C-alpha cells in the first residue's frame, strides 16, 4: 500500500473515508472518536501489510494516549479508503510495543 500517496490524497480531499458496519461497532465499543481514526490514518505506522487484499494494519494513538489499531483497505486509483476495523488492542494479544502479536498457545 502506498501510504504516503493515500495521505496526500486525504489531505487534498481527493479520497473519502468510509467505515464498515463492523468498524462502526468496534469504534463505539472501544470509545474511539473520529479524531482518533483520522489521526491514525494521517500519522499511524503500518505494522502489518496484507497486499493480496489491499489492506494494512496501522498503529496510532488516541487522544487519551491509548493504542489504536485500524485496518484499512485502499488501492491506488480508489476514490475511498475503507476502515475495515478499528479497535483498542488487548494486552494479552499484543506485546507492549503494540506492533507485534503474541503467538497463540497451541494445545
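Each value in this text was obtained by applying a stated rule to the coordinates, not by laboratory testing. The model shown is predicted, which means the values in this text are computed figures rather than measured ones. Every residue, glycine among them, receives a Cβ derived from its backbone with ideal geometry; neighbour counts consider all protein chains shown.
General observations
- Here the condition is being in contact (Cβ under 8 Å) with a residue 12 or more places away in the chain, surrounded by 13 or more Cβ atoms within 10 Å (Cβ to Cβ) and in contact with a strand residue (DSSP E or B) (Cβ under 8 Å, 6 or more places away or on another chain); of 36, 78, it holds for 36 alone.
- Flag if residue 63 is out of contact with any helix residue (DSSP H, G or I) (no Cβ under 9 Å at 6 or more places or on another chain), without any contact (Cβ under 8 Å) to a residue 60 or more places away in the chain and surrounded by fewer than 21 Cβ atoms within 10 Å (Cβ to Cβ): no
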